[in-house]
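Some notes on the structure that comes next.
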Amino acid sequence: MTFHEQQASAAEQTLVHLRVAYATTAQPALTDLARRAPRQQTTAPAWPALTTALA
């Protein structure tokens, strides 16, 4: 295996670990944020954009 192939493999493994860490860390926070969404009549215009950006 060449050095480049080793580096590519390491990068792929790192990406897998980062995705798992993100899902483990962010998902509960995003679920809580969605649960606490303001009522429709009081929704700020930025709320849909915020929840879309964070999802």
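The values are calculated or read from the model by the stated rules, or taken from the named source; none is laboratory data. Being a predicted model, the structure only gives us computed values, none of them experimental. All accessible areas refer to the heavy atoms of the entire protein, side chains included, with ligands and DNA or RNA removed. Shrake-Rupley method; radii C 1.70, N 1.55, O 1.52, S 1.80 Å.
Based on the inverse mean of 1/r over its pairs of different Cα atoms, what is the Kirkwood hydrodynamic radius of the chain, in Å?
Values: mean 1/r = 0.0719 Å⁻¹.
Computed over Cα pairs of the chain, the Kirkwood hydrodynamic radius comes out at 13.9 Å.
Output wanted: per-residue J couplings in Hz (rounded whole) for region 10-17, from phi through Karplus 6.51 cos²θ - 1.76 cosθ + 1.60, θ = phi - 60°, x for Gly and Pro.
Taking θ as phi minus 60°, the curve returns 5, 5, 5, 5, 4, 4, 4, 5 Hz for region 10-17.
What accessible area per residue, rounded to a whole number of Å², is obtained for the chain using a probe radius of 1.4 Å?
Numbers: 4810 Å² over 55 residues.
Ligands and nucleic acids excluded, the result is 88 Å² per residue.
Given a 1.4 angstrom probe, I'd like the percentage of the accessible area of the chain that is carbon and sulfur, rounded to a whole number.
Of the solvent-accessible surface of the chain, carbon and sulfur hold 63 percent.
Per residue of region 19-33, what does 6.51 cos²θ - 1.76 cosθ + 1.60 with θ = phi - 60° give for ³J(HN,Hα)? Whole Hz please, x for Gly and Pro, Karplus curve as stated.
For region 19-33, the Karplus curve yields 5, 5, 4, 4, 4, 5, 8, 7, 4, x, 5, 5, 5, 5, 4 Hz.
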